[in-house]
Amino acid sequence: MRRGLSGNPRSIAMHPSFVSRPFGSEQGRFLALDLGGTNVRATLVELGGKHDVRVLDHRSFRLASTSGSTDDLFGPVADFLMSVLTEHGADGMGYIFAFPVNQSGIRSGRLTKWTKEFAFDGVEGQDVVVLMERAIRDRMDRDGDFRIRALANDTVGVLAAGAYLDPRCDMGLIVGTGANLAVAVPNDMIVRRDLPASVGNTSEMIFNMECGNFDGVDSIQTDVDRKLDAESDTSGQLMEKMIAGRYLGEVARLRVLEAESKGEGFEGWVGEGGDFSAPYSFTTEQLSDIIFDDSDDLTATAMELGRLGVATTTTDERRHLKEICVSVARRSAGIVAESIVATATYIDPGLNDEHMVAVDGSVFRGIPGYREEVERGLALTLGEGADRIQVCYLRDGSGLGAAVVAAVTASSRMEGG
Ligand code: BGC
C-alpha cells in the first residue's frame, strides 16, 4: 500500500480516484451506470442532502457476450443507456467501470487489463470514458452533447454510497465475480506529490486498491491455485483467484480432481460424458447450494451433481465434496478478513477510530455463513479490536455510489471547486 501511495505500485496498484468521500449534504437527481460484468445496471437516484438516498428507477440488461470488438461492448450499453436517458432527466451521470483503470482525473482513465470473464478487443490501454461517451454521442442527434460527470471503480462506488449514508464508512469492498477494496486515505499518507486536490473534501482521497492482484498470497497458494492460475486467461489477480466468485467453484472442482487422482474417492466423477470434467463447469452458485444443503445424506447435493452428469455418488463422497466447498469458502472469507485488517491498520495502526466497510457482491451475500466467517477472521486477528471495524452489506452499493460520486463532483463545481 505504501509503495502504491508513493506512485511506485507493485501488485497493489492503489489507483487514485481523484474524489473524496461525500459530505452527506450533496443533493440532486443523478443517473448511475454500473458496468462490471454481463449484468449492466442503470439506476436513477435522488440524493436528499441529509444522508438520505432514494432509488427512483433501476433497470438492467444482460450483455450477450463477454468478448468481441469494442463496439460489441459499448454499443449495447449505449443503446440501453439511451433508453433510460430519453425517459429521465438527471443532474449528471456517474459511471462505474469495475475493472482496473488507471485514472488520470475524475472523468478519465485507461483500462490496464481485463479481469473476471471480460476480454473485449481494443479496450485495454484506452480511456473508457472516451469510449463510452463516443458510443452515446453516436446515438444522439447531430448537435447532441453528453458528458459523463465522474468515473469510478465499483469499490470506490460502494465506499462513497456507504459514506453518504454513514460518515464512519471509510472502506469499500466488493466480493462478487471479482474482489477488491477501496479506502479513503488522509492527505498526509499520500506520498506521491503529483496528484491534484480531491474533488469534494480536499483533505483526503479515495484509492481503488486493486488488491485482487496482490501477489503476496503466493506463499499460501496450493497446487490447485497454481494450476488454476496457469490455465487462466487472466494474468495476475492471484488473491482474487482465491476469493472471488469467478473462481471459487473452479478451485473446488480442481480440488476434487486432485483428490480423485490420489485415489481419495470421486471415482468416475471426472470421466467422459459428465460436465464436471469441463473447466468452470462447477460454479460458485453450486458451491453455495452445496454448503446450504444440511440434510443428513446431502440429497440436494446429489441432485445438483446429477444435473452435472455425475449420476451415482456415495454419501461419503458428497460429504467430502461439501467439506471441500466449505473450506474453499472459508479460506476466501479469511483472506477477505485479513485484507480488511491490513487496510484498516494501515490507515489507523492503533485502531483508535471506528471504521466501517461497506460491502457489495454475490459471494459476500450469497454463500451461507460467509459474513460470519469474515467477522470470525477479524476477531481472530484483532481480538477485541475487531469491535472497531463494522462490516455492512449494502445492496447495489456501487450503483448508488456512482450517483454519489457524480453528486460530489457536481456540488464542488457549483462551489467553484
Ligand atoms: C477488478 C476490480 C473490481 C473487482 C470487483 C476485479 O476483477 O479488477 O476493478 O473492483 O473485480 O468487481
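The values are calculated or read from the model by the stated rules, or taken from the named source; none is laboratory data. On a predicted model such as this, the values are computed, not experimentally measured, just so you know. Cβ placement follows ideal geometry from the backbone for every residue including glycine, while neighbour counts extend to all protein chains displayed. These accessible areas exclude ligands, DNA and RNA; they are computed on the full protein's heavy atoms, side chains included. Shrake-Rupley method; radii C 1.70, N 1.55, O 1.52, S 1.80 Å.
Which whole-Hz ³J(HN,Hα) couplings does segment 3-17 yield from phi under the Karplus relation 6.51 cos²θ - 1.76 cosθ + 1.60, θ = phi - 60°, glycine and proline marked x?
Along segment 3-17, the couplings run 4, x, 6, 9, x, 10, x, 9, 7, 9, 6, 6, 6, x, 9 Hz.
Angle check, please: helix 370-382 long axis (alpha carbons) against the longest principal axis of the chain (alpha carbons), in degrees 0 to 90, nearest 10.
80
Quote the accessible area belonging to Thr381 in square angstrom, nearest 10, computed with a 1.4 Å probe and with ligands, DNA and RNA left uncounted.
Answer for Thr381: close to 70 Å² accessible.
Under 18 Å from a point 7 Å along the Cα-to-Cβ line of Asp194: which residues of segment 92-107 have their amide N that close?
From segment 92-107, the list is 101-107.
Taking the alpha-carbon set of segment 168-250, what are its Rg and Dmax in Å?
When restricted to the Cα atoms of segment 168-250, Rg and Dmax are 16.1, 46 Å.
How many percent of all Cα-Cα pairs in segment 4-150 sit more than 26 Å apart? Present the calculation step by step, with values, prior to reporting the outcome.
Values: 3110 of 10731 pairs.
Percentage above 26 Å: 29.
So for segment 63-201, what percent of the C-alpha to C-alpha distances run longer than 27 Å? Don't skip to the end; give the middle numbers.
On the way: 2545 of 9591 pairs.
So the pairs more than 27 Å apart make up 27 percent of the total in segment 63-201.
From the alpha carbon gyration tensor of segment 312-377, can you work out the equivalent ellipsoid semi-axes (sqrt of 5 times each eigenvalue) and give them in Å, largest to smallest? Walk me through the numbers before you get to the answer.
Details: eigenvalues 210, 27, 12 Å².
Values for segment 312-377, descending: 32, 12, 8 Å.
Ala278 versus His58, label points 7 Å from Cα toward the beta carbon: distance in nm?
About 3.2 nm, to one decimal.
Output the Kirkwood hydrodynamic radius of the chain, Cα pairs only, in Å rounded to one decimal. It would help to have the intermediate numbers written out before the result.
On the way: mean 1/r = 0.0452 Å⁻¹.
About 22.1 Å for the chain.
Under 5 Å between amide hydrogens, which residues at least 5 positions from Val199 or on another chain qualify, with H placed 1.01 Å from N in the peptide plane?
Those lying under 5 Å, H to H, from Val199 are Val19, Ser20.
Could you tally up the Lys pairs in the chain with alpha carbons closer than 27 Å? Skip any pair fewer than 8 positions apart unless they're on separate chains.
Total qualifying Lys-Lys pairs in the chain comes to 11.
If you take the alpha carbon radius of gyration of segment 134-213 and divide it by 2.2 N^0.38 Å, what ratio comes out, to two decimals?
Scaled against compact globular proteins, the figure is 1.38.
Residues with beta-carbon under 9 Å from that of Lys116, excluding Lys116: net charge, scoring Lys, Arg +1 and Asp, Glu -1?
That sum, taken over residues with Cβ under 9 Å, equals -1.
Pairing the Cα long axis of helix 245-261 with the longest principal axis of the chain, what angle in degrees results, from 0 to 90 and rounded to the nearest 10?
Around 20 degrees separate the two axes.
Could you calculate, for segment 200-248, the ratio of the Cα radius of gyration to the Kirkwood radius, expressed as Rg to Rh? Please report the intermediate quantities before stating the final value.
On the way: Rg = 14.3 Å, Rh = 12.2 Å.
Reported Rg/Rh (Cα atoms, Kirkwood Rh): 1.17.
Accessible area per residue of segment 206-265 at 1.4 Å probe, in Å²?
39
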